[in-house]
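The values are calculated or read from the model by the stated rules, or taken from the named source; none is laboratory data. As the structure is a prediction and not an experimental result, all values here were calculated from the model. Here the Cβ is made from the backbone with ideal geometry for all residues, glycine too, and neighbour counts use every protein chain on show. Protein only, heavy atoms only, side chains kept; ligands, DNA and RNA dropped before computing areas. Shrake-Rupley method; radii C 1.70, N 1.55, O 1.52, S 1.80 Å.
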Amino acid sequence: MSYLEIDPPSRVLMGPGPSIVPPRVYRALMMPTVGHMDPTYFKTMDAVQGMLREVFITKNELTLLISGTGMSGMETALANLLECGEELIVCNGGVFSGRMPEIGRRCGATVREVKIPWGRAAQIEEIEKALKEKPAKVVALVHGETSTGVMQGNLAVIAKLCHAHGALLLVDTVASLGGTDFQTDAWDIDVVYSGSQKCLGVPPGVAPITFGKRAEEAIAKRKSKVQSWYFDMTLVRDYWNEKRVYHHTGPVNMTNAMHEGLRLIVEEGLSARVARHAKMARAFHAGAEAMGMKLFVQNPAERCPTLTTVLVPDGADDVLTRKTLLEQHNLEIGGGLGDLKGKAWRVGLMGEGARPNNVLLFLSAIAGILKKQGCKIDSGAGIDAAGAVINS
Ligand SMILES: *Cc1c(COP(=O)(O)O)cnc(C)c1O
């Protein structure tokens, strides 16, 4: 029996993740596999922790990589903070924040939801109302909600509010860290996690996470053990600190890839990188609107720069359009999730994807496809508008 060799194409990845992987990260992936207790690997782990602190903008000691994708970060954050019978408040406004109540319940927590209409950010008054109704141990929310394209602002104010009510604030930055302004310490956020394959520009497989002082204290004060053995920070921590106690085999090659991805971010400079993502989003939004397409998130201030939800225009075929983008242009975007299935496209401008050539390629490719389907699209106006921002 023989099997065909696999030969994946190099796609232009402009969906909700994974994003385009830079050549230097691929090279790091090819480096030799060393043992997970090799002294050279410990040095790599230390360097990764140092760079993660730069990207999270934190001094938090407990900052490391979870061996798993973004969801493992969500699971780790919730499982370590919550015990049976404790209260969790989730700001639920999309598919990803919609997963938090379920995970919270599996940790034994009592969950209350602040329901946010899709396409909107959470209002501070609503979170305050929930906290006043009944105290909670944890308030959880998503910074960049990839299913709707909304970015939650006012995090420093929300953190202050949570702390005033004795709650910890847990934030998902899977789709935003490394592509938008996020300041763990300055905003006083207690637990933050992300994922490797979105704005950090590394293949999927590891999830950065950081715990602040209050969160560490909460873990130390637990009466019961963390419900998940694999994601128990009291165990995983001792592999990443100077104790170097074996817990599970560190994903050595993925850690190397993350090391190089983070090095690229530090070299570019976090603020320059955030500015690049913001500018590419502005160019894309201007181009799409000038072309005659509509964005799902009405309030420009609530749009997430790294992921835009574009409404499928009247008369356009959702599946055919995405299929043609992939087959003719080698370009991947995401379809709508949940309530937006068939109604919106999710276009990511993350990491290497957030470059002028990708913005212009997407706009010109989709304009051609939509025109062929009889949609009223002004491709020239779109390219001009995007170009004006790019060249500004
Ligand atoms: C992608 C994503 C996740 C899930 O990450 P996986 O890597 O697919 O496990 C969680 N939250 C947000 C906001 C995401 O965009």
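The orientation-averaged shadow of the Cα convex hull for the stretch 270-390, equal to a quarter of the hull surface, comes to 7.1 nm². The residues neighbouring Val95, those whose beta-carbon lies less than 13 Å from its own, together hold a net charge of -1 under the Lys/Arg +1, Asp/Glu -1 convention. Peptides 352-362, 33-43 ranked from most to least packed by the mean count of surrounding Cβ atoms within 10 Å: 352-362, 33-43. Each residue of the stretch 367-381 was assigned a 3J(HN,Hα) from its phi angle through the Karplus expression (A = 6.51, B = -1.76, C = 1.60, θ = phi - 60°), giving 4, x, 5, 5, 4, 5, 8, x, 6, 7, 10, 9, 5, x, 4 Hz with x at Gly and Pro.
Across the chain, the relative contact order, built from alpha-carbon pairs under 8 Å that are at least six residues apart, equals 23 percent.
Report the local net charge at Leu168: Lys and Arg +1, Asp and Glu -1, summed over other residues whose C-beta lies under 9 Å from its C-beta.
Details: positive: Lys137, Arg214; negative: Asp190.
Residues near Leu168 contribute +1 overall.
Taking amide H atoms as placed 1.01 Å from N in the peptide plane, the amide H of Ile20 lies under 5 Å from those of Leu13, Glu352, Gly353, each 5 or more residues away in sequence or on another chain.
Expressed in nm to one decimal, what extension gain is obtained for the pair Arg105 and Lys372 from 0.36 nm per residue of sequence separation less their Cα-Cα distance? Provide the component values of the computation, followed by the final result.
Numbers: separation 267, 0.36 × 267 = 96.12 nm, distance 4.83 nm.
Stretched fully, the Arg105-Lys372 segment lengthens by 91.3 nm.
Taking all protein chains into account, the per residue accessible area for the stretch 22-267 stands at 39 Å² (1.4 Å probe). Extents of the stretch 1-96, largest first, come to 53, 38, 33 Å (Cα atoms, principal axes, whole angstrom). Taking all protein chains into account, the per residue accessible area for the stretch 270-390 stands at 42 Å² (1.4 Å probe).
What's the Cα-based Rg to Rh of the stretch 212-332, Rh via Kirkwood? The Rg/Rh ratio comes out at 1.14. Each residue of the stretch 354-359 was assigned a 3J(HN,Hα) from its phi angle through the Karplus expression (A = 6.51, B = -1.76, C = 1.60, θ = phi - 60°), giving 7, 9, x, 4, 6, 4 Hz with x at Gly and Pro.
One compactness figure for the stretch 135-212 is 1.09, namely its Cα radius of gyration divided by 2.2 N^0.38 Å. Paramagnetic label reach from Lys59 (point 7 Å along Cα→Cβ; backbone nitrogen cut-off under 17 Å): within the stretch 159-183, residues 183. Across the accessible surface of the chain, with the other protein chains kept in place and a 1.4 Å probe, carbon and sulfur atoms take up 55 percent. Charged neighbours of Arg214, selected by a Cβ distance under 10 Å, balance to -3 (K, R count +1; D, E count -1). The alpha carbons of the stretch 190-263 give a radius of gyration and a Dmax of 13.8, 39 Å, in that order. The amide H of Gly93, built 1.01 Å from its N in the peptide plane, has Gly98, Ile116 as neighbours under 5 Å, considering only residues 5 or more places off or on other chains.
What the pair-distance distribution of the stretch 1-55 shows, using all Cα-Cα distances binned every 5 Å from zero, is 4, 13, 12, 19, 18, 14, 14, 5, 2, 1 percent. By the equivalent-ellipsoid construction on the alpha carbon gyration tensor, the chain comes out with semi-axes of 35, 27, 18 Å, ordered largest to smallest.
Derived scalar couplings between HN and Hα for the stretch 146-155 equal 5, 7, 10, x, 9, 10, 7, x, 6, 5 Hz in order, rounded to whole Hz, by the Karplus curve 6.51 cos²θ - 1.76 cosθ + 1.60 (θ = phi - 60°), x for Gly and Pro. Summed over qualifying helices (DSSP H, 4 residues or more, each -39500 (n - 2.57)) and divided by its residue number, the chain shows a 222 nm mean residue ellipticity of -13000 deg cm²/dmol.
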